[in-house]
Amino acid sequence: MARQNVKKVKVDKYSKVEPKVHPITIASIVGFFVVVFGLILIFQPTNQEKIYDAYALYNVEITEDHPFYQVDYSGGLFKKGLKKIISQEEVVVVYVGFAACPACQTHVKGFESYYNSEGLVDHVSRIYYIDPTQNQGDFENFQEAFPEILNTTPQILVFMDGEIVETYTPGESTVQTDINRSIRDFYRAVVTKITE
């Protein structure tokens with residue numbers, strides 16, 4: 001009998017082994033990441049706490065449930081920006097300032113207390129807070145869209161139907177009673193304009 005030429009085929013015994021991960025292991029890994037991200041979200045300070053803490057560093061007393069809510073002009077992936085808010089809401093009040101600004105420190109408590117006492121709280125649910133030092137390029141976009149916005153802090157801007165109708169900038173006086181009076185008069189004018 002003749003011997004046949006049989007070509008030997010090299011068998012790669014390692015390539016046929018497929019890694020197998022048990023479903024419990026996959027579920028454990030996913031569960032771990034869900035718990036970690038959940039804890040990060042739970043212990044992250046709220047928007048109001050960040051503003052409160054920033055002013056507390058300078059011994060400025062605002063209440064923990066103050067009306068300020070920090071936003072950017074453009075917004076982000078999960079945050080609606082002021083650009084969209086102004087176009088969607090009828091009346092929008094914006095505070096431009098930052099905690100390290102001495103004039104902001106003397107005005108912010110008045111902005112909060114007269115917001116409540118003069119009845120602006122009945123017409124707008126919050127005062128949107130823009131810190132121009134955190135994202136200067138975004139603030140410049142805000143100024144390009146609304147040339148009335150100055151390069152000064154603090155400012156209060158009142159938008160009605162997408163346009164600025166009232167602005168507040170500090171006067172020359174550094175006396176707290178004069179500052180409070182000017183803020184009160186400004187809020188009264190704003191409430192009058194809203195209710196007309």
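What follows is calculated from the coordinates using simple rules that are stated; it is not laboratory data. Just so it is clear, the structure is predicted and the values come from calculations on it, not from any experiment. All Cβ positions, glycine included, derive from the backbone under ideal geometry; neighbour counts span all protein chains shown.
Numbers at a glance
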| quantity | calculated |
| --- | --- |
| Out-of-range pairs (alpha-carbon distance over 23 Å; input 50/80; 80/109; 79/109) | 80/109; 79/109 |
| Descending semi-axes in Å of the range 21-125, equivalent ellipsoid built from Cα gyration tensor | 37, 19, 12 |
| Dipole magnitude of the range 47-195 about its Cα centre (Cβ charges: Lys, Arg +1; Asp, Glu -1), debye to nearest 20 | 100 debye |
| Karplus-derived 3J(HN,Hα), 6.51/-1.76/1.60, for each residue of the range 161-170, Hz, glycine and proline x | 6, x, 10, 6, 10, 8, 9, 10, 10, x |
| Mean Cα-pair separation over length for the chain, i.e. relative contact order, pairs under 8 Å, 6 or more apart, % | 21 percent |
| Cα lying deepest toward the dipole's positive end in the chain, options 33, 105, 124, charges on Cβ | 33 |
| 5 Å-binned pair-distance histogram of the chain (Cα, whole percent) | 1, 6, 13, 16, 15, 12, 6, 4, 3, 3, 3, 3, 3, 2, 2, 2, 2, 1, 1, 1, 1, 0, 0, 0 |
| Cut-off under 5 Å, modelled amide H: who pairs with residue 73 long-range | 82 |
| Estimated vicinal HN-Hα couplings, Hz - the range 108-116 in sequence order (Karplus 6.51, -1.76, 1.60; Gly, Pro = x) | 4, 5, x, 4, 6, 5, 6, 4, 7 |
| Separation of alpha-carbon centers, the range 110-155 and the range 47-87, rounded to whole Å | 10 Å |
| Relative packing of peptides 100-108, 167-175 - highest average C-beta neighbours within 10 Å first | 100-108, 167-175 |
| In sequence order, calculated HN-Hα J values of the range 88-101 (Karplus, 6.51, -1.76, 1.60; Hz; x Gly/Pro) | 9, 9, 5, 10, 10, 10, 10, 9, 9, x, 7, 5, 7, 6 |
| Helix 176-195 vs. the chain, principal-axis angle (Cα, 0 to 90°, nearest 10) | 80 degrees |
